[in-house]
Every structure is written in structure tokens, then in C-alpha cells.
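Before any comments, here is the structure.
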Amino acid sequence: MSGRGTESAGHKPIPDILTSARPTAPGERRWSQLAALGLSASAAMATWCFLVGGYVAYYLGAVPGALTMIAGGLIGILIIYLALVPATTRYGIESIVSTRPVLGHHGAWFGIGVAGLILIGWNSILLIFLGRAAAEIFISTGVLGEGSRDAVAAVAAVLGAALIWGLLRKGSERMKKVGFWIALIVTLLALWIMYALASGVGMQTILDAEPLAPADSTLWNFTVGIEIMVASILSWWPYVGGITQNLSSTRKAFWPVILGLSLPLSVISIVGLMAALAFPDSGGDPTSYIVDLGGLSFGVPVLIFIMLANIGTVMIGAYSLSHGIQQMTGPRVRLPWNGSLAMTLVPVMIIVVLIPDLFYDNIGSILAIAAVALAPLCGVQIADYYFLRHQALDVRALYDSSPHSPYYFVKGVNPVAFVSMVAGFFLYLYLLDPITYVSNTPFEYLTASIPAAALSAVLHYGLTSVMPASFRERAYGGTRRRSGAGV
Amino acid sequence: MTTPSQPGTPDAAPGSATTLRGNSAQRSENQEPALNDLNALYDAVEREAATIGPFARLDLVYLLLVTVGVGGLILMIAVWSA
């Protein structure tokens, strides 16, 4: 993501998430902290926050759940920050480019693939959400019967995707301020729903509500709450570099990243948590309780706002992924804009039609699957940048994909990094099955993401250190000369 | 944000590498300035990186305090409240 075109706080840029052809020049890094904070918050604040909070309600009550989500958000941001922010701010690069010195030029496609899958996953969830909101409007107003709910939801989701396709076909100029409006709508929705919950259900009732399906172990319930938030924060990985590369120093990125990416997610998710406790079958999803809570005059406008917010968020995701696909294919291939949009939106349409419930009802599993890939990646990035490269990158090599580049490794791939990530991947699966949420000790003490990242980091450092001298000299020798340190 | 200037064209901010590379493919006389521009950009980024300096230990302590420190404190309160 470059974000170089519009740089003021008044024109919040849309992150070009995946990759760009050059670093951000020092003179272009003019974003204020406020602009970066706004864009970070825009990226984090979407209606998916309600669903994340609803998932935590299975394990924790209102007060412990709310506090755990804030704590988990802060702990999760530490991993992302260390893996990305110092490198991306210092060298003006986005998240994907920052993986090239670690994974190799061809290996960086792994990061692109993970980022793409995350975006397709989030976009699918939001369009299913949109479809359910539309179905609820038609059914609650008596226009259609209850039996048509699934069909209406699927048709509305597909129409939503088609509308987004149509809006994006003519470029993304109209999206310049969309992030701001989404954040505003979601904030108003959260306040509105919170007020309705407090007045309709009663705060004391919500505070006294028991978790929906807690485990026997209190410690396990807290740990899984932390894990869900760490996984949610990890899924912002594609966004972070594109925001922070436009800031002129690492320190300037501190509060925008911490406050912008972590706290809004946690705070909005608290509304989803409380809603799920008040309406146990809702899972925090406002489409399933909002009309019951506030009647048609309250519920229908909320549902319309949800649809608008989701259209805006999916537009950002689809634009970013389409742009990334075009960058990946390069200027010589000239993939039409419509073609890259199709590659972005068609998989989403297939998901919303064929397996909507599988996706929508398992958001915790989707988050955990993202964490399975991203926690080990963050681990190897941390080990590589701080302990092997001593925070010194070769800027030319970042954009030189020829076999002569020190970041070419073995046929464009760093096998050490991948072996280390695979080990972290399997450790995660051992500690926590992302599908069933069955865990093994010491998950309840350590979570799954943190040890997976740690194992990958240690292995990456250790295995690199025992690689042949020729490998180390070629891949890290320049680093030693730049930083004046040993490898 | 870099945006597609019109349907069917890839994003290319004025002066970006994409633009430079596209032009150079069509007009060989532009290849030298394009490469020079990129080299100048890389030099400028490396100079800026030296100015910014590495992520210092003090920064790390601050980061740990705000994330793990405050987060841990909030988590302790959460456990106490349960």
C-alpha cells in the first residue's frame, strides 16, 4: 500500500494493502499523527467488531470480557508493532515489502496470499452481514415471509457485491473519505445500540448475565478471550505498513497504531459482547435482535446504517486487494481493472451464496486461522529485523528481484524462514485447534499466537546461525557491513 | 492513496516507479532518467533511515509498558472482577 496520493487528514487515503513498486520517499512522509490515527481507526472500526465481541461472550461475562478484550488488544498490538512498525517507518515500505528480506522475493508471495485470504474472508463476512440486515428489513416489515430469509440474504449479499463492483469500476476517487464515514457510522451505531441495550434490557441485567458457553476453567476462558483479540489484531497485519510508511518517524507511529488499531476494535467489540449477553442467540449480531429491541422505527434505520457501513468497508477491502493484484502482475501484464475486481469479488460471491453460515457462525475459527499464519510470520520478521539484520535493510535489494539480490536466497525463497514458520504453525495447531477450539496445555497459560510467534522467531535465528557461511554472507553480509554488527 | 486514473488502467501516481517503468518500456530515451530517479529515491530513503535511526531500547521499554504493562494490569483487574 502506498497511500502517497492524498496525505492530509481531510483526505484519508485508502490503503493499497499489498505491495507497491517503490518505497515512500522521505519528502512524501508527511502524514500527521492525527491523519494516521484516523486511518488506523477507520481500518479497525467496522461492523465485524460486533461479531468479535459476540464471540467473546461465549466465554466471559460483561465486565471481565470487556476488560479482557482491551487487554488482549494491547497485547496483540505489541506483536504487530515489533514486526512491522520500526521497519516500515524507517524505510517507507509496506507490510508485504517488509517480508522480502525475511522470506525472499518469491517467498513474499506467501504474505500476499495470506493478506488476500484475510481480505476475502472479512469481505465475505461483511456481505453476509449485509444480506442478513436486508433480509431482516424485508421480513420485519412484513414484505416477505420468514421462510425466505436465507434466499433474501443471499440475493442481497450478491447484489451488494455487484453494487460495489459497479461503484469501483470507475475508479476509487469517490472512496477518499469513505473510511471516515464508516468509522463515524459504526461509532454512532455502537452508541445507539448501547443506549438501546441499557434502556431496553437494563445495564444491571447485562452485567449480571452469565457467559453463554464457558469452559470449566476460568483461566481458559480468559486466555481464549485474549487469544481472540490477539488474533483479531494480527489480522490488521496487511494494513499496518501502508499506514506507518507515510509517517516521518517510528515514534510518530506509536499512538496512531496503539490507539487507532487496538482500542477502537476493543471498545466497539464491547457493544457486541453486551448485546450477545443480552440476546444469547444473537452472537452479537445486531441484525438478529435490533428490531426486537427497539421496534421497527428504531431497528430499520440501524439495519440500513449497517448495510451502508458494510458496503463501504467491503469497497475498501475490494479496492485494496484489486490494486494489490494489479501490482503483483506488474505493468507488463496489464490486467484490466475489471479483471482484478472480478478476482477479488467473485470468490466472495461464491462464499456468500454457498457457505454463508459456515463463515458467519465461525468467526472465531476464521480469526484463529489468520493467526495460525500470521503469528509465525510476525515471529520470523522480528527475529530477522532485530537480531539478524540489526535493523539495517538494503533498500535497493528490497526492489531487486533478480538472482543477484541478497534477498533472493534460494530460488527467491528463504527456506530457513519457511521451516521456522511451519514449526510455529504446528505449535499453534497443537496448542489450539482453530476449528474446534480444543486446546492443549500450556495454551491456558501462554495463548497460542504468542508461543507460535516466539518459537518461529527462535528457530529462525538459530537455524540461520547454523547455516553455511556462504548463505549467511550472501543474505546477511551486507547487513553486517551496514550495521557494523555480526550476524 | 493511489487510484486508477481510469477504468482498465493500473494505478500509477505521477512520478511513481510504475509510471516510470511504463514510460521507459515505450521510450528508450527515458530509461536513464527513470533509473536515475529510482537510484536517487533509494539513496534518499537510505539517508533518511540513517537519520531516523534504529528502534531504541528506551522505545521498546515504553512500548512494553503501554502494551504488556497496561494490558497486564487491565487483565489482572478483569480476573479480579470475575
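Only the coordinates and a few stated rules stand behind these numbers; no lab work does. Remember, it's a predicted structure, so these values are computed and weren't measured experimentally. Counting neighbours? That spans all protein chains shown, and the Cβs are built from the backbone with ideal geometry, glycine included.
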*asked:* Within region A:31-54, name every residue whose backbone N is under 15 Å away from a label modeled 7 Å from Cα of B:LEU65 along the Cβ vector.
replied: none
*Relative contact order [Cα under 8 Å, 6+ residues apart], chain A, whole percent*: 28
*Partner chain coverage, peptide A:79-85 - average Cβ within 10 angstrom*: 2
*Can you give the average number of partner chain beta-carbon atoms within 10 Å of each beta-carbon in peptide B:50-63, as a whole number?*
5
*Starting with the fewest neighbours, write out A:TYR195, A:TYR461, A:TYR81 ranked by other beta-carbon atoms found within 10 Å of each beta-carbon.*
A:TYR195, A:TYR461, A:TYR81
*Which angle between 0 and 90 degrees, to the nearest 10, do you get for helix A:149-169 versus the longest principal axis of chain A when only C-alpha atoms count?*
50
*Work out how far the C-alpha atoms of region A:372-487 reach from end to end along every principal axis, then list the three figures in whole Å, largest first.*
46, 26, 24
*For A:THR436, what is the net charge nearby, where nearby means another residue's Cβ is under 15 Å from its Cβ and Lys, Arg count +1, Asp, Glu -1?*
-3
*So what are the ³J(HN,Hα) numbers for region A:178-192, from phi and the Karplus equation (6.51, -1.76, 1.60; θ = phi - 60°), rounded to whole Hz, Gly and Pro as x?*
5, x, 4, 5, 4, 4, 5, 4, 5, 4, 4, 4, 4, 5, 5
_Using the Cα centre of region A:75-183 as origin and beta-carbon charges of +1 (Lys, Arg) and -1 (Asp, Glu), tell me which of A:VAL143, A:ILE96, A:VAL158 is placed farthest towards the positive end of the dipole._
A:ILE96
*Point-to-point label distance, A:LEU463-A:SER402, nm (Cα→Cβ direction, 7 Å offset)*: 2.9
*Taking the Cα atoms only, what angle lies between the long axis of helix A:33-44 and the longest principal axis of chain A, rounded to 10 degrees?*
60
*Which value in nm describes the separation of the simple spin-label points at A:VAL438 and A:ALA162, placed 7 Å from the Cα toward the beta carbon?*
4.4
*asked:* Could you work out [θ]222 nm for chain A from helices alone, using -39500 (n - 2.57) per DSSP H run of at least four and dividing by all its residues? Round to the nearest 500 deg cm²/dmol.
replied: -22500 deg cm²/dmol
_Derived scalar couplings ³J(HN,Hα) [region A:116-132; Karplus, 6.51 cos²θ - 1.76 cosθ + 1.60; whole Hz; x for Gly, Pro]_ = x, 5, 4, 5, 5, x, 4, 4, 5, 4, 5, 6, 5, 4, 4, x, 5
*Stretchable slack from A:ALA151 to A:ARG30, in nm (0.36 nm times residue separation minus alpha-carbon distance)*: 38.7 nm
*Roughly how many nanometres apart are two label points built 7 Å out from the Cα toward the Cβ at B:ASN39 and A:THR218?*
6.8
*Based on the alpha carbon coordinates of chain A, what radius of gyration and maximum Cα-Cα distance (Dmax) apply, in Å?*
22.2, 74
*Report the full-extension gain for the segment A:ARG474 to A:ASP292: residue separation times 0.36 nm, less the Cα-Cα distance, to one decimal in nm.*
59.0 nm
*Filter the trypsin sites (Lys or Arg not before Pro) in region A:308-390 to those in DSSP coil with at most 15 other Cβ atoms within 10 Å of their Cβ, and list the result.*
A:ARG334
